[in-house]
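Structure, as structure tokens:
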Amino acid sequence: MTSTSSGIAQVERRASRTFLSTIAFFIFSASVILALGVFGYRLYLEYSIDQMSGALEEARAALDPEAISELTELHRRIVSTRSLIDSHQVVTPLFAFIEDAAPRMVRFTSFKFSHEEGKLVLDLTGEARGYSALALQADIFNKSRYFRNPVFSDLNLNDKGDVKFSFKGLLEPGLVSYSGSVSTETFESELELATSTQSNLPQI
Amino acid sequence: MKNKSPIILLLLSVALFYTFTNVEYKKVTGLQAQANDYKDILSNVSDIVRFRDSLLLAYEEFPEEDITRINRVLPDNVDAVRLALELDSMASKYGISIQDINVEQEEEDFSDLILPENSLPYQKVTVSFSFISSYDNLKRFLSDMERNLRIMEIKSLSFDVKEDATLYEHELAIETYWLKE
């Protein structure tokens, strides 16, 4: 009886060892197959990338890079030119405006147009035949939509009794815009405003 | 020995995975991404070729004269001497002689290297000079500059009007541009 039960136990242990060995062998085989598979796939990918790289070089050569760089440069030039023309400014309408906006009894003795910190600044000095003429000039400039913060200062009488003055104002970019001057509507309406202001005010 | 062989096999499997398979797998992931990029690019090549052909066709329809003109609007380099010559020939039409020409080139902005998308595709040069002319000729000269094919931006202009004088001395600074490389 005892020898029978120990025989059964031995058979069970052997069966258990065989089962464990099978599992271990299966896992080992799977890990070797996996390793070979990954290695093989890497080789395939490297070969495939090499082939595609060659095909891409051929395609790049066929695209004619010189022609493309010529097109790219023209595109950059057109885009830049458009942006420069949009922001292009012209000073000549300013002279026309000042000429029309100056009453007869006012003369300007200096002119300075400049860009200061991105703002358009106009500095003028002049002489007026009396304070009423200067008041008329100030009224025209103050009513103009194209001057921001117009300031008349340094008022002094000279030897002839004329009033010397300085003027400083920030220009509205619309007055000196090239695209605005091409249409000229805004500028012409501003001139009309200056002319009507002069005719509505009492003459000196 | 027989009892230990399953354990040895399991240990070998783990070692193989960590020392070889896992390392190779990481390489494969990178290569797979690279291969996908190549596939995408190659599949777009035919579209790019079609697009390039349509652009070349449009480019060929541009009159040669217009191309020359747009190259003059924004030249490839500043060419200060040619610029001075251009200004002088414009001025001489009105009997104006340009004096004291000073060319000041804008320095390279190295912040472009940090934010290249904010950089301008063109560079600027400031040219300042003085001249003597009548008021009417000044206006004509300025008008020519403002409408010149090569863009010239008037940055500053100043002059004094002397009593009983017909000619005045003017100080003028203009900005002009050229296309960066």
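The values are calculated or read from the model by the stated rules, or taken from the named source; none is laboratory data. Worth saying up front: this structure is predicted, and the values here are computed from it rather than measured. In this analysis, Cβ positions are derived from the backbone assuming ideal geometry, glycine residues included, and neighbour counts consider all displayed protein chains.
Considering (1) at pLDDT 90 or above; (2) facing another protein chain (nearest Cβ under 9 Å), the lone condition that B:Pro121 does not fulfil carries the number (1). Residues that are more than 60 Å from the chain's Cα centre (by Cα), under 26 Å from B:Tyr25 (Cβ atoms) and assigned to a helix (DSSP H, G or I): does region A:39-54 have at least one? No - not one qualifying residue is present in region A:39-54.
One residue alone among B:Ile151, B:Ile98 is within 14 Å of chain A (Cβ to nearest Cβ) and in contact (Cβ under 8 Å) with a residue 24 or more places away in the chain, and that residue is B:Ile151.
Residues of region A:54-79 that are small (Gly, Ala, Ser) and more than 7 Å from every other protein chain (Cβ to nearest Cβ): A:Gly54, A:Ala61, A:Ala62, A:Ser69. Restricted to region A:81-180, the set of strands (runs of 3 or more DSSP E) holding at least 3 residues that are within 13 Å of another protein chain (Cβ to nearest Cβ) and surrounded by 20 or more Cβ atoms within 10 Å (Cβ to Cβ) comprises A:106-116, A:119-128. In this structure, B:Ala91 does satisfy being out of contact with any His (no Cβ under 9 Å at 6 or more places or on another chain), at pLDDT 90 or above, under 22 Å from B:Ser156 (Cβ atoms) and in the same structural domain as B:Ala165 (by TED's automatic domain parsing). For region B:86-104, filtering for residues that are closer than 14 Å to B:Ser128 by Cα and loosely packed, with under 13 Cβ neighbours inside 10 Å leaves 5.
Would it be correct to say that B:Ser156 is under 19 Å from A:Ile98 (Cβ atoms), within 8 Å of chain A (Cβ to nearest Cβ) and polar (S, T, N, Q)? Against the criterion (under 19 Å from A:Ile98 (Cβ atoms), within 8 Å of chain A (Cβ to nearest Cβ) and polar (S, T, N, Q)), B:Ser156 qualifies. When the residues of region B:63-85 are filtered to those that are assigned to a helix (DSSP H, G or I) and in contact (Cβ under 8 Å) with a residue 12 or more places away in the chain, the one that is surrounded by the most Cβ atoms within 10 Å (Cβ to Cβ) is B:Leu83.
Exactly one residue out of B:Glu60, B:Glu24 is surrounded by fewer than 10 Cβ atoms within 10 Å (Cβ to Cβ) and assigned to a helix (DSSP H, G or I): that is B:Glu60. Taken together, B:Glu181, B:Glu171 contain a single residue that is within 10 Å of another protein chain (Cβ to nearest Cβ), part of a loop (DSSP other than H, G, I, E, B) and surrounded by fewer than 18 Cβ atoms within 10 Å (Cβ to Cβ), which is B:Glu181. When the residues of region B:1-33 are filtered to those that are over 19 Å from A:Ala35 (Cα atoms) and at pLDDT below 95, which remaining residue is farthest from the other protein chains (Cβ to nearest Cβ)? Checking each candidate, the answer is B:Met1.
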